[in-house]
Every structure is written in structure tokens, then in C-alpha cells.
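The next block holds one structure in the form of C-alpha cells; read it before the comments.
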Amino acid sequence: MPIVVREALQTDCQGIMDLIMELAVYEKMEDQVKMKIETLQEDGFGNEKYFKCFVAERQENGASKLIGYALYYYIYSTWEGKCIYMEDFYVSPEYRGKGVGSRLMGSVCKIAVEKKCARVHFAVLGWNKSSIDYYKRQGAIDLTEVEDWHLFRLTGSALEKMAAKSDTV
Amino acid sequence: MCIVIRKAEVKDCPGIFDLITELAIHEKHQDQMKISLEKFREDGFGDDTKFQCFVAECEENDTLRLIGYVIYFNTYSTWQGKCIHMEDIYVVPEYRSKGIGSKLIGSVCKVADLQNCGRVQFIVRDSNKSAMKFYKHQGAIDLTEVQEWHLFRLTSDAIEKVAAKYD
């Protein structure tokens, strides 16, 4: 049952979409998923690429299936320069405990080392104790717990109201 | 006194860098500043730009001075598509409460609108009560409070250890 971890191709987008939905269900936020496969294909593999992705693929009886992924992009710290944000990281439950997650996250961290990124950031739900324990075992720091950082979002009408305050020349 | 909000230009880098340093000192993290002015200039205005910036400029007695800035970049949500992250927002203390912060954030939100970005996200320290109150008053949602999102970080040593597991 070999599992291969490799860079995603455009042809993987349907498999990645299926896993995106699995992850949203796991996080109890499936109603928030508005993504369409055409958008994912364009944004990841079009002229302007907004993210990169590693996938874990399993071959069985001549068929291949994506059983995990790690999707990331570059961000910027005014203190440390280029960094990476790991937006999604997921392995289907029946394939956990086999080191697939470590290989996916390892792939992202290898890119961070190659591109001289000082930090890899990601977000985790506070009730997701097994994931929090996993990340802490990898040496990750919970900045919300240790330094009190809160994540904020402007969206919808609040975003539009703020935009109306702009008088940029 | 005339205050203008405009897109940053390469000549603004020393002024922005001074403000970044001021903000780091304000947050008591000046020891974490590892970036040089030259690197900052390259990253913002070189061939492969890694961030965008608006500045607030004040003209006083025929002298121009930068008194605020906001730095942002594109991010991506697998649920909603293109988004924006606002990395830094800062106005020098003596120019606060004049609506400059709102205009700087507004400029970023206007870009989000033009680019069809559904979200503008940023982080705030819980101890920064005035900022928390300001953002909530503008309609921003504290995702940590409401949905329990925690921000995690891997730094260099941990990144290298995890990278060593890559095949």
C-alpha cells in the first residue's frame, strides 16, 4: 500500500476539493465552503498562483486516490521577512497514524528551509486537542496561548463600510 | 497640517522602516526585528514584491513626514478564495484619534473590494484593549473568541526538525 507525497498537479483539484470538504466537515464549518473547482484550478495553477500544495496519494488496484494534502502560501513578516502560512493540512482519518501527516508537513517545512523562511504559521481550533498535541510535539508554539494573539476578520458589510472610509490619493 | 493617504513608494522605505521599529518597540518585541532596511526595500519594491503598503503623510511647515502605515498581502482561503492579510497597521501616537487609522485600513479594504477578496484578516493582542474595541466597533469578528481559532508558529529549529522528516 505505497503512499506517495508529491507536489499537486492541476489534475488533482477534484481530489483536493473532496479533502477540503472533508476537513471543513471535521472542523464543523462545512456551510462556509464556497469554493468551486474552477476557482481552485485557476488560483492554484493559472497565470497567477495564489497557493502551492503537496498531496499524499495512495495507489491501489491500478487506481489512485488522494488521502491527504497540505496547502500553503508565502506571507511576510516586517520583523523577519518571507514566511510561510500553511492554510490547510489534513489526512483522511483511515490513513492517520502512518506518518503521512509528518511527511506532508515535512514537505512544507523543507520548502521553508530552502526559501529561507524564518516562520511557518497555521491556525488550529482550540477544541481540537489531538491536533494541538500533535503540533506541540513538532515544536510549534501556540501564540494565542503564550502571547495572547487573537485572529480577527473583516468581511461582508463590515468590509464594505471600512472600504468606504478610504480617501487614498 | 494636511494628511494624505497614498500608496508607498520606494523612497518611503526609510520612513516606513522607522515606523516598523517604533511599532516593534511599542509591542516590546524590538529584539525580534531581524530584517534590514535593504532587505525590506527589496521585498517591497524589487522584482518579486512580497507585500503592499499604504502610508499616511503629513505636511507641516513645508516638511513631509510619514506618520502612519499599513502593510498587507494576499492570502488564500480554500473556502472563499483570495483574501488579504493586514500584517501591520500603525499611526504615531501624536496623530491618533484623527481617523487616520480608519483611512489606512479603509484603503486596504478598498483593495480587497477591487480584487474580490472576501476577507481582510489581521491579528491583535488581547492585552491591546483599545485596539480590540476599535476593531470590534468597525464590525470585525474576533475569530479566536467566537470560533476558538488559535495561531500557531514553527520557528527555525522546529522547521528544520520537521523538514528532516520529508522524503
Residue in region B:130-163 that is nearest to the chain's Cα centre (by Cα), counting only those that are more than 7 Å from every other protein chain (Cβ to nearest Cβ) and among the aliphatic types (A, V, I, L, M): B:ALA131
Near pairs, Cβ below 6 angstrom, 6+ apart or cross-chain, from region B:2-23 (closer than 18 Å to A:THR168 by Cα) to any residue that is of a type in the set (S, T, N, Q) and assigned to a helix (DSSP H, G or I): B:ILE5/B:SER107
Which ones in region B:17-60 are modelled with pLDDT of 95 or more, in a strand (DSSP E or B) and of a type outside the set (A, V, I, L, M, F, W, C)? B:GLN52, B:GLU57
Please find, among A:GLY97, A:GLY101, A:GLY139, A:GLY106, the residue that is more than 7 Å from chain B (Cβ to nearest Cβ) and touching a helix residue (DSSP H, G or I) at 6+ places or on another chain (Cβ under 8 Å). A:GLY101
Identify, please: which residue in region A:78-101 is more than 15 Å from A:GLU22 (Cβ to Cβ) and aromatic (Phe, Trp, Tyr) and is, among those, modelled with the highest pLDDT? A:TYR85
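Yes/no matrix, rows are residues, columns are (1) within 15 Å of the chain's Cα centre (by Cα); (2) under 26 Å from B:ASN61 (Cβ atoms):
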| position | (1), (2) |
| --- | --- |
| B:LYS11 | no, yes |
| B:HIS29 | no, no |
| B:ARG41 | no, no |
| B:GLY44 | yes, no |
| B:LYS50 | yes, no |
Could you check region A:137-160 and list, in sequence order, the residues that are within 24 Å of B:ARG125 (Cβ to Cβ) and assigned to a helix (DSSP H, G or I)? A:LEU143, A:THR144, A:GLU145, A:VAL146, A:GLU147, A:ALA158, A:LEU159
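Listed here are the residues, each with its yes/no results for (1) within 23 Å of B:VAL162 (Cβ to Cβ); (2) β-branched (Val, Ile, Thr).
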{"residue": "A:VAL25", "(1), (2)": "no, yes"}
{"residue": "A:LYS34", "(1), (2)": "no, no"}
{"residue": "A:GLN41", "(1), (2)": "no, no"}
{"residue": "A:VAL124", "(1), (2)": "yes, yes"}
{"residue": "A:LYS129", "(1), (2)": "yes, no"}
{"residue": "A:ASP133", "(1), (2)": "yes, no"}
Checked pairs for region B:52-64, first within 18 Å of A:VAL169 (Cβ to Cβ) and of a type outside the set (Val, Ile, Thr), second modelled with pLDDT under 90 and not in a strand (DSSP E or B), C-beta under 6 Å and 6 or more apart or across chains, list as B:GLU60/B:MET1
How many residues are among the β-branched types (Val, Ile, Thr), more than 23 Å from A:VAL108 (Cβ to Cβ) and at pLDDT 90 or above if we restrict to region A:129-169? 1
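State which residue is surrounded by the most Cβ atoms within 10 Å (Cβ to Cβ) when the search covers only region A:142-169 and only residues that are of a type in the set (Val, Ile, Thr) and within 7 Å of chain B (Cβ to nearest Cβ).
First, pick out the residues of region A:142-169 that are of a type in the set (Val, Ile, Thr): A:144, A:146, A:155, A:168-169.
From the residues that got through so far, the ones that are within 7 Å of chain B (Cβ to nearest Cβ) too are A:144, A:155, A:168-169.
Values: A:THR144: 21, A:THR155: 18, A:THR168: 15, A:VAL169: 7.
My answer is A:THR144.
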What's the number of the condition A:TRP127 fails, among (1) surrounded by 15 or more Cβ atoms within 10 Å (Cβ to Cβ); (2) in a loop (DSSP other than H, G, I, E, B); (3) within 8 Å of chain B (Cβ to nearest Cβ)? (1)
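Determine if region A:100-121 includes at least one residue that is under 16 Å from the mean Cα position of the chain (by Cα), part of a loop (DSSP other than H, G, I, E, B) and either crowded, with 20+ Cβ neighbours inside 10 Å or not hydrophobic (A, V, I, L, M, F, W, C) (or both).
We begin by selecting, within region A:100-121, every residue under 16 Å from the mean Cα position of the chain (by Cα); these are A:100-112, A:119-121.
Okay, now just the ones that are also part of a loop (DSSP other than H, G, I, E, B), so none.
No.
The values are calculated or read from the model by the stated rules, or taken from the named source; none is laboratory data. Note that the coordinates shown come from a computational prediction; the quantities given were computed from them, not determined experimentally. So basically every Cβ, Gly included, is an ideal-geometry build from the backbone, and we count neighbours across all protein chains shown.
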